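Sending over a structure as structure tokens; questions will come in a sec.
The values are calculated or read from the model by the stated rules, or taken from the named source; none is laboratory data. Being a predicted model, the structure only gives us computed values, none of them experimental. Virtual Cβ from ideal backbone geometry, glycine too; neighbours counted across all protein chains shown.
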Amino acid sequence: MEAHELVDVGFPVRGGKLPADHGYLLFSALCDAIPRLSHEPGWALLPVDGTVEGGRRILLGPRSMVQLRLPARELGEALTLTGRDLAVGAERVHLGMARVRPLSSSPRLRSAAVTIQGATGPAFLAALRRELAALPLGQDPATMDVRVGEQRFLRARVRTVVGHEVELSGLRPRASLCIQAHGLGGRRHMGAGVFLPLSDAPDP
């Protein structure tokens, strides 16, 4: 899927709190509302922004959004989430009016967590560079600055997955859009491996 075929659709989210590690729980709640999401590889979930409270929960604020990245031709189905109430684990939240925007290039991108199967610790950076080299970036990955940050633990359905915060800089426009369109690593449905321009990227 090319970047010009994708959009980010965001819904202001109102409620008290969410678990800090809310990716799988939010994905499950969205699947209850849109069942096809459970087997739709072209859709990705972006982490919800909020103020971390004690490392285990985030407080939702006026900028908190539930966001999906999906093909523009399938936007209509996503818009049915407007006005819905979701049960995210033990928390209940309400989704407001949708806001849609195209992907835009930025020389700096960040993902709150990237997971690559079988790659943790020192092997992670090498695996990440292999993932970059496999994409049609139009730029030599060696010319990019790749920073691997803190280790992140993401709760999946039956186990915990290890990932890392990743920041990329020195990106040309085509490479930036390509990375946003394709993502890196797996579990994009949980918000992993999804990149945002650094100024827009939420903390996990």
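Looking only at the range 12-30, decide whether some residue is of a type outside the set (Gly, Ala, Ser) and without any contact (Cβ under 8 Å) to a residue 60 or more places away in the chain.
Within the range 12-30, the first condition is being of a type outside the set (Gly, Ala, Ser), and the residues that meet it are 12-14, 17-19, 21-22, 24-27, 30.
From what's left, without any contact (Cβ under 8 Å) to a residue 60 or more places away in the chain: 30.
Checked the range 12-30: at least one residue is of a type outside the set (Gly, Ala, Ser) and without any contact (Cβ under 8 Å) to a residue 60 or more places away in the chain.
Now for a different question. Take residue 85 and decide whether it is touching a Lys or Arg at 6+ places or on another chain (Cβ under 7 Å), modelled with pLDDT of 90 or more and among the charged types (D, E, K, R).
Numbers: touching a Lys or Arg at 6+ places or on another chain (Cβ under 7 Å): yes; modelled with pLDDT of 90 or more: yes; among the charged types (D, E, K, R): yes.
In short, yes.
Of all residues in the range 34-71, how many are of a type outside the set (Lys, Arg), exposed (fewer than 15 other Cβ atoms within 10 Å of the Cβ) and outside any strand (DSSP E or B)?
9
From the list 163, 193, which residue is at pLDDT below 95, more than 16 Å from residue 105 (Cβ to Cβ) and under 12 Å from the mean Cα position of the chain (by Cα)? I'd like the intermediate steps shown before the answer.
Values: 163 fails: under 12 Å from the mean Cα position of the chain (by Cα).
Step by step, each of 163, 193 is checked, and only 193 is at pLDDT below 95, more than 16 Å from residue 105 (Cβ to Cβ) and under 12 Å from the mean Cα position of the chain (by Cα).
Starting from the range 151-167, take each residue that is surrounded by fewer than 15 Cβ atoms within 10 Å (Cβ to Cβ) and list its partners that are modelled with pLDDT under 80 and hydrophobic (A, V, I, L, M, F, W, C), counting only C-beta distances under 6 angstrom and pairs at least six apart or across chains.
These pairs meet every condition: 160/153.
Collect the residues in the range 1-19 that are in a loop (DSSP other than H, G, I, E, B) and either in the same structural domain as residue 156 (by TED's automatic domain parsing) or out of contact with any Asp or Glu (no Cβ under 8 Å at 6 or more places or on another chain) (or both), keeping them in residue-number order.
Here is the first cut: in the range 1-19, the ones in a loop (DSSP other than H, G, I, E, B) are 1-2, 15-16.
If the condition is that a residue be in a loop (DSSP other than H, G, I, E, B) and either in the same structural domain as residue 156 (by TED's automatic domain parsing) or out of contact with any Asp or Glu (no Cβ under 8 Å at 6 or more places or on another chain) (or both), then 1, 2 are the ones that fit.
Now a separate question. Which one of these is of a type in the set (Gly, Ala, Ser) and surrounded by 19 or more Cβ atoms within 10 Å (Cβ to Cβ): 83, 15, 23, 76? If you could, list the steps in order and put the result at the bottom.
Numbers: 83 fails: surrounded by 19 or more Cβ atoms within 10 Å (Cβ to Cβ); 15 fails: surrounded by 19 or more Cβ atoms within 10 Å (Cβ to Cβ); 76 fails: surrounded by 19 or more Cβ atoms within 10 Å (Cβ to Cβ).
Only one candidate qualifies: 23.
Which residues, taken from the range 115-158, are part of a strand (DSSP E or B), closer than 30 Å to residue 75 by Cα and touching a helix residue (DSSP H, G or I) at 6+ places or on another chain (Cβ under 7 Å)?
Our first condition is that a residue be part of a strand (DSSP E or B); within the range 115-158, this holds for 115-116, 119, 145-155.
Filter again for closer than 30 Å to residue 75 by Cα, leaving 115-116, 154-155.
Residues satisfying the conditions are 116, 154, 155.
Exactly one condition in (1) modelled with pLDDT under 80; (2) part of a loop (DSSP other than H, G, I, E, B) is not met by residue 199; state its number.
Only one criterion is unmet by residue 199, namely (2).
Among the residues of the range 139-150, is any among the β-branched types (Val, Ile, Thr), at negative phi, surrounded by fewer than 15 Cβ atoms within 10 Å (Cβ to Cβ) and in the same structural domain as residue 177 (by TED's automatic domain parsing)? Steps first, please.
Let us first name the residues in the range 139-150 that are among the β-branched types (Val, Ile, Thr), namely 143, 146, 148.
In the following step, the residues that additionally are at negative phi were identified as 143, 146, 148.
Still in the running and surrounded by fewer than 15 Cβ atoms within 10 Å (Cβ to Cβ): 143, 148.
After this cut, where a residue has to be in the same structural domain as residue 177 (by TED's automatic domain parsing) as well, the list is 143, 148.
Yes, some residue in the range 139-150 is among the β-branched types (Val, Ile, Thr), at negative phi, surrounded by fewer than 15 Cβ atoms within 10 Å (Cβ to Cβ) and in the same structural domain as residue 177 (by TED's automatic domain parsing).
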